[in-house]
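The next block holds one structure in the form of structure tokens; read it before the comments.
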There are 2 protein chains.
Amino acid sequence: MTDYKAPLEEISFVLETISSMKEWDKLPGFEDASEDMVAAILDEGGKFASEMIAPTNGPCDLFGAKLNDGVVTVSPELDPIHKAYVENGWNTLANNPEFGGQGLPETLSLAFAEMLTSANMAYSLHWILSNGAVSAIQAHGSDAIKEKYLPKMVSGEWSGSMNLTEPAAGSDVGALKTKAEPQEDGSYHIKGQKIFISWGEHELSENIIHLVLARTPGAPEGTRGISMFVVPKYLVKDDGTRGERNDVKCVGVEHKLGIHSSPTCVLSFGEKNSCVGYLVGRENKGMANMFTMMNHARIMVGLQGVSIGERAYQNAVNFAAERIQSAQIGSKDRSSVAIINHPDIRRTLMTMRAHIEAARAILYRNVWAIDQAHKSTDEEAKRLALGESDLLTPLSKAYATDIGCEVASMAVQVFGGMGYVEETGVAQFYRDIRIAPIYEGTNGIQALDLVGRKLNMDGGEHWKHMIAEIKAFVQSMDRSLSGQKEGLSEGIKALESASESLFANGFEGLVDTAAGATPYLRLFSTVVGAYLLAKQAVIAERRLAGDEGNPVFLKAKIVTAKFYIEQILPTAVCLLGPITAGADRLYEIEEEGFLRQG
Amino acid sequence: MTDYKAPLEEISFVLETISSMKEWDKLPGFEDASEDMVAAILDEGGKFASEMIAPTNGPCDLFGAKLNDGVVTVSPELDPIHKAYVENGWNTLANNPEFGGQGLPETLSLAFAEMLTSANMAYSLHWILSNGAVSAIQAHGSDAIKEKYLPKMVSGEWSGSMNLTEPAAGSDVGALKTKAEPQEDGSYHIKGQKIFISWGEHELSENIIHLVLARTPGAPEGTRGISMFVVPKYLVKDDGTRGERNDVKCVGVEHKLGIHSSPTCVLSFGEKNSCVGYLVGRENKGMANMFTMMNHARIMVGLQGVSIGERAYQNAVNFAAERIQSAQIGSKDRSSVAIINHPDIRRTLMTMRAHIEAARAILYRNVWAIDQAHKSTDEEAKRLALGESDLLTPLSKAYATDIGCEVASMAVQVFGGMGYVEETGVAQFYRDIRIAPIYEGTNGIQALDLVGRKLNMDGGEHWKHMIAEIKAFVQSMDRSLSGQKEGLSEGIKALESASESLFANGFEGLVDTAAGATPYLRLFSTVVGAYLLAKQAVIAERRLAGDEGNPVFLKAKIVTAKFYIEQILPTAVCLLGPITAGADRLYEIEEEGFLRQG
């Protein structure tokens, strides 16, 4: 038995109510995505994740990633998993049919990825990076490059990796120093060191296609002088088969807090001055290229918060239902009961599920907007969907990973002492998920992206649009959730007020805006989360009244929405003051004042 | 160089402004605790902690605790530390002069313990448990037992351990099953297994005096049938020297998320039916005995939150001051600056220091109340001080450990990717501190203690007293912190309203009260924290005006108080609704509804 069960009932409900699943097959290109087809894929994917992959999570963590003379080994548990994943075409779901993909909605792929990530986050990260590389090559590569690399990357036979970070260039990617010297044959020689490269080296696939950011000679400083290169671990012959080893080597693997089976590599390019790379897209446009896939990767990292949160929640519920300890408070019967009956444990479990379901709804809406932006037949709808997806991306990444950490911590707490020992597995969730608020742009960077770029995009059209949608929903609520209407209204009022205030700061007030960015992102996410849960609850009420569906599930959806609005939303509404307080107070202590004196 | 500097300027200021340090030597028994003496002890203690102990923290974590045929080994780094600790009399500070202690204030001992815990939490835990055992024996043991065990325990030559938990008896201590059979010589034979015994076995000291809770034949069920026993690892001869090995054996050491060098043992008592124990205090009164030392242990665990928070904060500040990344927001100069200049990092560092300083103030006030309860010459003052210390204990334990975890997480975030790799050491803080909200009564149990026992103690006198004190302070604020007066008033209003509401629930409404316990504890702690920081700020303002003291430090104290009131207090005030919402919503989902369906 595994400790993870693919939550298909919940996922399907979210796909239906938040991502218009029943309409998918009406969009051009998504004709295959019928309700039956989707259900079959989710069902198979759920079994694969929960039965085959989930049991590998603990053993993979224990094995870690071992480096020996440039060769990285991960747990042998992953070999059959990897083989099955590739052979059964799981990597092809949403990929481009031109290169062997099935062209299904990204939202469906997201649902599968959720389960894969719950089952083994460290392993699933491999596919986030690989598919990030696929997107970038597809969007910016020449036809020759696409034909050479994409088919085997889409199938999953070859892996991909993303090489941005260097010791002095983390959040500030523009500071990178890796060099690319043009060669006579049109290729480049790459030289430099990259750090924190997830799945930068391993033996699971027969080749790894590294995407590397580097500078050509005379390139402008900063992000405007960065170009993108394909650097295969093994050079690829003209017939598409694997050729010689390229001059790229793994020289270190980090010892990390978590995701132990994801090798975090230090990669050295061109130690022998013969590392061959090929330009992707135009020179000096590498940063823009990276953004293409960064948005996708950010959403996928946000998903890790939902996935680990979900598994941690399931573990906590199971433990709480089994662990007998102390009598029921207020009851005359003094015999001990399962701790799920204690009010404080209930509060914890409710908080966990409420956060997870809110974050899931935001993610699924975000990716559905991407699908619409790609496939809608209406140009204006496409434009709006793109704006919405851009707006939601920092929320998806930062809110979901923040609550992922919070929920994993709550699971540890529900387990008590048993949560602190590694054998129960919940400590691993706590360790694994802690990376998610950091990589693919720290959550602080996400908040700055939200207030600095997304808030001002198209003159503020998109956040105004979102607020208008929520207001219209609250208006329409009628008799549904009547006890929660006021709470929701308070939420939307605070969000509107905070948004207007930061928006009005303009360029001169950028420091003040940045000072409020992190709590603003939390407020925004919580209001959208409350709205999307309320939307689901209204539909659940309707179905319950019409005797459709599983009443236990539908009732739980309604209660969860109410709980979120009553218990969680107020903790975001109160951020309005902190958000709009400005930056002055933050700069009243000089650097010296932060240091402790003996 | 070490990454921890004993924050003596801050600690001394808190001792002065919150714990009346300058009045200590006027209390009977504290005559030695002159200002100079205290300063000298803190200075020496700070050096010992930061220079000698702090560098062992990482190596001890890596070494862990190894079990081999009943023998537990910890890092050899601890041998000279332990020797120096005992030889220099650090364990004697606040202990009873009758058994070799120095009889100094507990508050002074707390200040030393803060630094010791920052330096090596896993090691310092050994002394929490040992001194817990000392208190219990002192309070409840017969003269013979005291004379036999206390001198060497007070000196630190012998260790102590606390044995409560069994597999089916965690939070519900009353469910324990270990047996104690009376023998003809007045001793008992102990039989049973205890789990999660911190420092239950090791070779640092020549003997370990286990305090064990067990049931005598025919004892009533539950907590009313528990007795306490002294069970020495080595029996002690009449001349006080070490005799034969007792029948107690370490049969397992847990593999934990953190505090790796604190061996968490499974102890088996009486495998050969010859484990000798001696009754401490009266039969069936073991639970009450345990409470004596549990309160102390709870405060010391709370201190771990402050200590680890402090060290994590210092690491984060140092890193932020050195790490150069990206240009200053809103500045025309596009050259990269240290990240401490970025508003979101400042917000994080301010949040960290504000929480730590609030928690520290609560702890130091709490323990000063204990000193007053012991030493005051006025009976009514004693009674009130005892009530106050009882009221504050759950706040000290739960708030400080919660923010300890939050602050450690923020330090990881400030470090970014470097925080997730183990070599920088901040991940260890994150792992180590996660136990603190769990052991010595989970923070959920603390919240129940607050609303179930402390709120009703003496008819609610003590929380009313605290609220009245804060109100009087706000009244007296005059022109100080004028911009924060309203915020503080809002805080006290919310606390009063929440307290009255929970208090009014009475016994019939206990489930509703319990449902609001956790956010209520957070609200209570935050209001008291804001008050104690404001109190310090007012004194700092006065000194600044009078040109006394270090202006950099005093200004930072004032800014920190303002920040706490403006940015953190509102996030607690908004809990009033959630606190008073009652339990109904928590029980609307049946157990089945918590489970996910495929």
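The values are calculated or read from the model by the stated rules, or taken from the named source; none is laboratory data. Since the model is a prediction, treat every value here as computed from it, not as a measurement. We place every Cβ from the backbone using ideal geometry, glycine too, and count neighbours over all the protein chains shown. Side chains included, ligands, DNA and RNA excluded: accessible areas come from the protein's heavy atoms. Shrake-Rupley method; radii C 1.70, N 1.55, O 1.52, S 1.80 Å.
Numbers below:
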item	result
Options B:Thr513, B:Pro55, A:Asn207, ranked by Cα towards positive dipole end of the protein assembly as shown, top entry (Cβ charges)	B:Thr513
Charge-dipole axis of the protein assembly as shown as Lys and Arg at +1 and Asp and Glu at -1 on Cβ define it, positive-most pick from B:Ala494, A:Ala6, A:Leu595	B:Ala494
Number of partner chain Cβ atoms within 10 Å, mean per residue of A:567-573	5
Shielding by partners - mean other protein chain Cβ count within 10 Å, residues of A:312-324	2
Summed side-chain charge close to B:Lys382 - residues other than B:Lys382 whose Cβ falls under 13 Å, Lys, Arg +1, Asp, Glu -1	-4
Which of A:Lys66, B:Lys375 is most accessible, then next, and so on - probe 1.4 Å	A:Lys66, B:Lys375
Extended-chain gain in nm, criterion 0.36 nm per residue less alpha-carbon gap, B:Ser274 and B:Glu592	109.7 nm
³J(HN,Hα), Karplus 6.51/-1.76/1.60, whole Hz, each residue of region A:143-158, x for Gly, Pro	4, 4, 5, 4, 5, 6, 9, 5, x, 6, 6, 5, 5, x, 5, 9
Whole-percent carbon and sulfur share, accessible surface of chain A, 1.4 Å	50 percent
A:Ala504 versus B:Asp185: modelled label distance in nm, points set 7 Å from Cα along the beta carbon direction	8.4 nm
Relative contact order of region B:9-155, pairs being alpha-carbon contacts under 8 Å that are 6 or more residues apart, as %	23 percent
Helix-only [θ]222 nm of chain B, DSSP H runs n ≥ 4, -39500 (n - 2.57) each, per residue, nearest 500	-17000 deg cm²/dmol
Listing of region A:242-272 residues, each with accessible area lower by at least 40 Å² in the full protein assembly than in the chain alone (probe 1.4 Å)	A:His255, A:Leu257
Size of charge dipole - the protein assembly as shown - debye, nearest 20, with Cβ of Lys, Arg +1 and Asp, Glu -1, no other charges	460 debye
Residues whose placed amide H lies under 5 Å from that of A:Ser161, excluding near-sequence neighbours	A:Ile209, A:His210, A:Leu211
Helix B:461-476 vs. chain B, principal-axis angle (Cα, 0 to 90°, nearest 10)	20 degrees
Size descriptor, Kirkwood hydrodynamic radius, that averages inverse alpha-carbon separations across chain A, Å	25.1 Å
Relative contact order computed over chain B (Cα-Cα under 8 Å; 6+ residues apart), in percent	12 percent
Trypsin sites (Lys or Arg not before Pro) restricted to DSSP loop in region A:272-316 with at most 11 other C-beta within 10 Å	A:Lys272
Lysine pairs meeting the criterion (Cα under 27 Å, 8 or more apart or interchain), as found in region B:1-136	6
Residue mean of other protein chain beta carbons inside 10 Å, B:328-335	3
Rounded, prolate or oblate (a/c below 1.5 giving rounded, otherwise prolate when a/b exceeds b/c) for region B:444-587 by Cα gyration tensor	prolate
Rounded to 5, percent antiparallel among DSSP beta bridges of the protein assembly as shown	85 percent
Per residue, the convex hull volume that the Cα atoms of region B:148-289 enclose (Å³)	114 Å³
Virtual paramagnetic centre 7 Å along Cα→Cβ of B:Glu51, amide N under 16 Å, in region B:5-25	B:5-8
Chains B and A together, accessible area buried on both sides, 1.4 angstrom probe, square angstrom	9000 Å²
Extended-chain gain in nm, criterion 0.36 nm per residue less alpha-carbon gap, A:Arg242 and A:Thr73	58.8 nm
Förster radius 30 Å - calculated FRET efficiency between B:Asp25 and B:Ala144 (Cβ-Cβ, nearest 0.05)	0.30
Inter-part distance where region B:437-466 and region B:321-355 are each reduced to a Cα centre, Å	40 Å
Nearest 10 degrees, 0 to 90: helix A:286-322 Cα axis against chain A principal axis	40 degrees
Loop GluC sites (Glu not before Pro), region B:497-598 (other Cβ atoms within 10 Å of the site Cβ: 13 or fewer; DSSP)	B:Glu508, B:Glu548, B:Glu590
Per residue accessible area of the protein assembly as shown, 1.4 Å probe, in Å²	35 Å²
Rounded tilt (10° steps) of B:379-415 against the dominant C-alpha axis of chain B	70 degrees
Over 27 Å (Cα to Cα) - which of B:Lys397/B:Lys557; B:Lys148/B:Lys194; B:Lys464/B:Lys485 fall in this group	none
Backbone N under 14 Å from the B:Glu423 label point (7 Å along Cα→Cβ), restricted to region A:225-266	A:251-257, A:264-266
Over region B:444-587, relative contact order from alpha-carbon pairs under 8 Å, at least 6 apart, %	34 percent
Fraction of alpha-carbon pairs over 49 Å apart in the protein assembly as shown - percent	28 percent
